[in-house]
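What follows is a short report on a single structure.
The values are calculated or read from the model by the stated rules, or taken from the named source; none is laboratory data. Values in this document were obtained by computation on a predicted structure and should not be read as measured data. So basically every Cβ, Gly included, is an ideal-geometry build from the backbone, and we count neighbours across all protein chains shown. Areas reflect the complete protein model, heavy atoms only, side chains present, ligands, DNA and RNA absent. Shrake-Rupley method; radii C 1.70, N 1.55, O 1.52, S 1.80 Å.
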Amino acid sequence: MSKNIVPITLLTGYLGAGKTTLINHVLSNQEGYKCAVIVNDIGEVNIDAALIQKGGAVTQKDENLVPLSNGCICCTLKVDLMNQIKELIDTGRFDYLLIEASGICEPMPIAQTISVLEGKSGDPQFKKPICRLDNIVTVVDALRMATEFGCGDDLLKKDIEEEDIENLLIQQIEFCTTIILNKVDKVEPEQLERVKAMIRALQPKARIIEATYGKVSVGDILDTGVYDFEQAVTSAGWAQAYENGVDDDDDDDDHDEHEHHHHDDDDDDDHDEHEQHHHDHDDDDDDHDEHEHHHGHHHHHHHDEGEAEEYGIGTFVYYRRRPFNKDRLQEWVGGWPKSVIRCKGMLWFSDQWDEAYVFEQSGVQITATNSGKWFAAAPERERKRLLAQYPDIAASWDDKYGDREIKLVFIGQKMDKQAICDGLDKCLDE
């Protein structure tokens, strides 16, 4: 059966990063693979598909180039993507699929769509896997990163489209297994090192491959075996810092030595709830009923502040037990520190003791999404059952707050940690 399971490489990256150039290079040097290509473009005319066809590596006549236009495969064209993957595999003519996502697509929802065809969704219609996601490759424009993002240029002063770009770049870098840092010949060595430091802060585990004109080894792109959904989800810089539970100050009275975090059992639902999407996806939080509670595995590690900061890029965790006053937090968020590139974590509000929220900031997009209820909100019998199931949470239980907590991971460049923590402390309520 394994010989019928076709590997897939997903290629993401912002407009102009060099995805089409890279895919043409791979197709021209595919070393015996019989590749089919699905190319997504948000416009009515699929420009990238035309450029790939012009490159001579594939032709629509031979039906190994499939353009998906006028929408994004991470949202509006999910079903179309699934159908096209299945149709290509059913022909029996291809042993590899390359998918080039639109420049404004986020990789996580695409990966979740492909997981259905991997037989991981529980859908009886897709019990037998027909494909596997092998590699998520994000192409990063080194020049653009150096001048607009990684070297301190202030994207927040630009128009809304540019602000959204910052958010999107972060999403694409965070959820991938391989980063092609393209156009490295266009930046100075010191700029390149700063860009790489920025990328490593956002995504410490992905392999970074430097390239010019998208020229990389085909073995770095095809049939690598490097992709694993759980590892991809937990490899982002914020996720690792959250897992490690590094306190911002050891002597603060609100800190608890036994920090923990919360995730739902169902992997796909968990990631849907915890990830905000660039295209206003229809994530329906109403399907959390009153008996749904956050729970997870406790991991507390003693760390120093971590590795020395590179080019001023650092990470810290803001941890408190007391809740935020919603109005005060909203006012503070209105003056969000421009040095913060990424922030994500859990919080709660003084007027909603039972509700847990996922807070997320990337660029100027800042959201707080209801994500279920704390263990402390459960009826006593259910709470005892949950705490027996998760003794780590029981061990860190607070007499007043239960498992309620604020835990926010900050990633940024030359952040004034003390000022940020002091500002957030002023937003706390009793």
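Starting from the Cα-Cα distance between residue 388 and residue 86, subtract it from 0.36 nm times their residue separation and give me the gain in nm to one decimal.
My answer for the length gained is 104.3 nm.
If you roll a 1.4 angstrom probe over the protein chains with everything in place, what fraction of the accessible area of segment 187-227 belongs to carbon and sulfur, to the nearest %?
Carbon plus sulfur share of accessible area: 45 percent.
Show me the ranking of peptides 354-361, 387-394 by mean Cβ neighbours inside 10 Å, starting with the highest.
Descending packing order for the listed peptides: 354-361, 387-394.
Hey, with R₀ at 56 Å, roughly what FRET efficiency would residue 147 and residue 381 work out to, going by the Cβ-Cβ distance, to 0.05?
0.45
For residue 224 and residue 367, calculate 0.36 nm times their separation in residues minus their Cα-Cα distance, and state this gained length in nm to one decimal.
In short, 47.9 nm is gained.
Return one whole number: the accessible area per residue of segment 342-425 in Å², for a 1.4 Å probe.
38 Å²
List residues of segment 78-121, by number, whose backbone nitrogen lies under 11 Å from a label position 7 Å along Cα→C-beta of residue 30.
Counting backbone N atoms under 11 Å from the label point, the list is 93-99.
Filter 120/183; 186/414; 34/186; 205/373 down to the pairs with a C-alpha to C-alpha distance above 27 Å, please.
Distance filter (> 27 Å) returns 120/183; 34/186; 205/373.
Ratio to report: Rg/Rh of segment 75-140, with Cα atoms as the point set and Rh obtained by the Kirkwood method; give two decimals.
With Rh from the inverse mean 1/r over Cα pairs, Rg/Rh is 0.95.
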